[in-house]
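Q: If you scroll down you'll find the structure; I have some questions about it.
Please treat every number below as a calculation from the coordinates, not as lab data. Note that the structure is a prediction, hence the values are computed from the model and not measured. Cβ atoms come from the backbone with ideal geometry, glycine included; neighbour counts cover every protein chain shown.
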Amino acid sequence: MLVLVVYDIPDDKRRTKLAAFLEGYGRRVQYSVFECFLTLREMEGLHQAIEWRVNADEDDVRLYWIAKDALPRTLTIGSSPPEPLPSAYII
């Protein structure tokens, strides 16, 4: 499923570290928005990993689970619609 990770972190250092961490999970589509294709278990693991990287008193991070049937109804302007990563790469 598509998981949208959205964050608002006022501290530059924490924000930069979280963005670098999230690049290992999905595609950055806006400055503070990542699209990640994950299972529910992976999403829960990501949620726990993010908790260690942010300050809950100052930061706001949200993970939205987007249903599979919603992907074809996604509208975009200026970018391509969300697409899951290929299941295999041929080199």
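Q: With respect to residue 82, determine if the residue is touching a helix residue (DSSP H, G or I) at 6+ places or on another chain (Cβ under 8 Å), assigned to a loop (DSSP other than H, G, I, E, B) and either free of Cβ contacts under 8 Å to residues at least 24 places away in the same chain or surrounded by 10 or more Cβ atoms within 10 Å (Cβ to Cβ) (or both). Can you show your working first?
A: Values: touching a helix residue (DSSP H, G or I) at 6+ places or on another chain (Cβ under 8 Å): yes; assigned to a loop (DSSP other than H, G, I, E, B): yes; either free of Cβ contacts under 8 Å to residues at least 24 places away in the same chain or surrounded by 10 or more Cβ atoms within 10 Å (Cβ to Cβ) (or both): yes.
Here the answer is yes, as residue 82 does meet what is asked.
Q: Any residue in the range 42-55 that's in contact (Cβ under 8 Å) with a residue 12 or more places away in the chain: show its pairings with residues that are assigned to a loop (DSSP other than H, G, I, E, B) at Cβ separation under 7 Å, as long as the two are six or more apart or on different chains.
A: These pairs meet every condition: 46/25; 46/38; 54/9.
Q: Out of the range 57-69, which residues are within 22 Å of residue 42 (Cβ to Cβ) and in contact (Cβ under 8 Å) with a residue 12 or more places away in the chain? Explain how you work it out, then say what you get.
A: Step one: filter the range 57-69 for residues within 22 Å of residue 42 (Cβ to Cβ), giving 59-69.
If the condition is that a residue be within 22 Å of residue 42 (Cβ to Cβ) and in contact (Cβ under 8 Å) with a residue 12 or more places away in the chain, then 59, 60, 61, 62, 63, 64, 65, 66, 67, 68 are the ones that fit.
Q: For residue 68, which of the numbered conditions (1) in contact with a Lys or Arg (Cβ under 8 Å, 6 or more places away or on another chain); (2) farther than 27 Å from residue 12 by Cα fails to hold?
A: (1)
Q: Taking the options 29, 54, 6, name whichever one is touching a Phe, Trp or Tyr at 6+ places or on another chain (Cβ under 9 Å), in a strand (DSSP E or B), among the β-branched types (Val, Ile, Thr) and surrounded by 10 or more Cβ atoms within 10 Å (Cβ to Cβ).
A: Working: 29 fails: touching a Phe, Trp or Tyr at 6+ places or on another chain (Cβ under 9 Å); 54 fails: in a strand (DSSP E or B).
Just one listed residue meets the conditions, 6.
Q: So residue 14 ticks every box in (1) over 14 Å from the mean Cα position of the chain (by Cα); (2) loosely packed, with under 11 Cβ neighbours inside 10 Å; (3) assigned to a helix (DSSP H, G or I) but one. Which box is left unticked?
A: Residue 14 satisfies all of (1) over 14 Å from the mean Cα position of the chain (by Cα); (2) loosely packed, with under 11 Cβ neighbours inside 10 Å; (3) assigned to a helix (DSSP H, G or I) except (2).
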